[in-house]
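These notes concern the structure reproduced below.
The values are calculated or read from the model by the stated rules, or taken from the named source; none is laboratory data. A quick note: this is a predicted structure, and the numbers were derived from the prediction, not measured. Cβ placement follows ideal geometry from the backbone for every residue including glycine, while neighbour counts extend to all protein chains displayed.
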Amino acid sequence: MSANRFNGFTDYGIGIGLRAPHYDHILTRKPVVDWFEIISENFMIDGGRPLHILDQILEQYKLVQHGVSMYFGSAEKLNREHLRRLKALVQRTKTPWLSDHLCWGSVDGRYTHDLLPMPYTFEAARITAQKVREVQDFLEIPIAVENVSSYAEYHDSEMTEWEFLNEVVERADCGILLDVNNIYVSSQNHSFNPFDYVNSVPAHRVAQIHIAGHSKYRKYILDTHDHPVIDPVWKLYERAIQRAGHTATLLEWDDSIPSFQEVHDEALKANKFLRATALAEAV
Amino acid sequence: MKLMQLQRTMARAVMQPLTSSERMQRRAPDGGPMKRYASRFIKPNDRLTSFERLEIYNRQYWFRVLAALGEDFPGLRVVLGQRRFDAMAQAYLIANPSRSFTLRNLGSSMESWLRKNPKWAGTNQNLALDIVRLEWADIEAFDGMAEPALRPEDLSRASGPGLKVSLQPYVRLLSFRYPVDDLLLEVRKEDDDTDIASNTFAEHRKRKRVRAVAKLKPAPIFLAVHRIDYSVYFRRLDQEEFAILTALRQGKTLSAAVVSAFRKSTVAPEERPAKVQTWFQTWSTLGWFCRPEKKRTVR
């Protein structure tokens, strides 16, 4: 089930986010890594060192693009300059699929540079799905939308977050980047059972899975990507791959970034669950 | 509430400045109490009020954009001092919220905004403007476009009075009233040192830096901000050298650029050919020349 039309029928294994502190290690030591995920916006530039590094990485590794500012859920129109630059990068990287978040972050042309939560309404689902379709048509590659961590809920919401996710992906006919850490964070912040979420996701649409660490405060949890993955998140991951199969998995570590080896070792812990699932499927 | 209305309502609160203790303001953008404003669209839960939930996003927004601006303008921070820089940054971001999908462009209006709002430029506006221009040029040189460079032999083969060459789009040419290149290099060196220094040592360094800025005397310089092997460098230029390069960027022919550059020069006529030859050798070795392209624009 892992290779599907939402990830370009690829069967990628376990990857990590490509981050600047690891560039030297990767280019000089050439470690064996299944694939890297890049933040698209970091490379949507005209030239210079970032693109030079990217080209070197592309010579040796598989790479997938992940965006942070498409804002499918913003009520305003898509930013054409953003799309034009993104398409140029897609042509450069040949990413088999592209992901961005199920959120909003800009209004009236002003950007918050944050992943703001959606109101779970039918109007929002319709607008969001329409924009996902437009991006998919323009870029001509599969799109996967990622569930975000959130710290607020709206009075206007008419459904649960997972019902909203399903509504959007069915309307847009797109894939899902299932972030099990984000599900855990939101479940703690909004008091729901995270397994209800994982169990309700249309498994055949899962293109990729994200795992990450977070920071716990007295009254809420923040999605900080600066810690190892905790056991409850691994349990959600286990359930997710039981349902979706051997799915491309990526560890995000964006702050207080440790050595390459430490990050990669943390990501490779996913193997335990992937093997168990493969065994169960074989039996 | 319609989606657009909800997003406008939330964005206004999220982008409203924090209090001096870095909390969300009690007063909402509509003038009423923020508690009431937040509770109109955000649900409370068993641990957090609507106000507190909205405040998480309000704080995240400001921490993020202020940090981004601080990273882009470390030299301006030193020139203004931390407290004045923070106040300036907030005023700048209120007037110039990000209109780009990337934080890379957040400081793009800093120079023009400071010119129009000199009260935020500190006691020495010329120095503040100089350092801002250099720091923005540094960003543009870092990720600016590069065209295939003309090699020295390409240049030597080409000849004639009408010959035109273009400068690489990533090369930035600037004239300054202060030697801000030295200042910025010093700031960066000290920032690197501070990462590994004790607090006492860092404080000592900070005081030293403040004194260094205060002592900085005007001294006109001409500079090229450019790249070698994908790293940005500052190269001091002679006035005539700067004039030739500027003329070439404006699309003048090689011969017209040279003639205009030396029009008011104090360089002895017999020394000029050798100087020009050396400069061209250097520029072409650095890969600054490329073929002219009619439609290319430099950002």
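May I ask you to verify whether residue A:198 is modelled with pLDDT of 95 or more and closer than 14 Å to residue A:242 by Cα?
For residue A:198, the condition - modelled with pLDDT of 95 or more and closer than 14 Å to residue A:242 by Cα - is met.
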> Just wondering, is there one or more residues in the stretch B:281-291 that are farther than 30 Å from residue A:50 by Cβ and either at pLDDT 90 or above or not assigned by TED's automatic domain parsing to the domain that holds residue B:173 (or both)?
Replying inline: yes
>> Based on this model, can you work out whether residue A:113 counts as more than 8 Å from chain B (Cβ to nearest Cβ), crowded, with 19+ Cβ neighbours inside 10 Å and not aromatic (Phe, Trp, Tyr)?
In response: no
> Based on what the data block shows, is residue A:171 touching a Lys or Arg at 6+ places or on another chain (Cβ under 8 Å) and either of a type in the set (Lys, Arg) or surrounded by 24 or more Cβ atoms within 10 Å (Cβ to Cβ) (or both)?
Replying inline: yes
>> One residue is enough: does the stretch B:70-84 have a residue meeting the conditions without any contact (Cβ under 8 Å) to a residue 24 or more places away in the chain and within 14 Å of chain A (Cβ to nearest Cβ)?
In response: yes
> Out of the stretch B:230-277, which residues are part of a loop (DSSP other than H, G, I, E, B), charged (D, E, K, R) and surrounded by fewer than 16 Cβ atoms within 10 Å (Cβ to Cβ)?
Replying inline: B:238, B:263, B:264
> Quick check: anything in the stretch A:231-242 within 14 Å of chain B (Cβ to nearest Cβ) and of a type in the set (A, V, I, L, M, F, W, C)?
Replying inline: no
> Going by the structure shown, is residue B:267 more than 14 Å from every other protein chain (Cβ to nearest Cβ), aliphatic (A, V, I, L, M) and more than 31 Å from the chain's Cα centre (by Cα)?
Replying inline: yes
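Looking at B:63, B:101, which is the one that is crowded, with 17+ Cβ neighbours inside 10 Å and within 14 Å of another protein chain (Cβ to nearest Cβ)?
B:101
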>> Cβ-Cβ under 6 Å, sequence separation 6+ or interchain: first residue in the stretch B:100-122 and more than 17 Å from residue B:75 (Cβ to Cβ), partner of a type in the set (S, T, N, Q). Which pairs?
In response: B:101/A:69; B:101/A:79; B:109/B:96; B:118/B:125
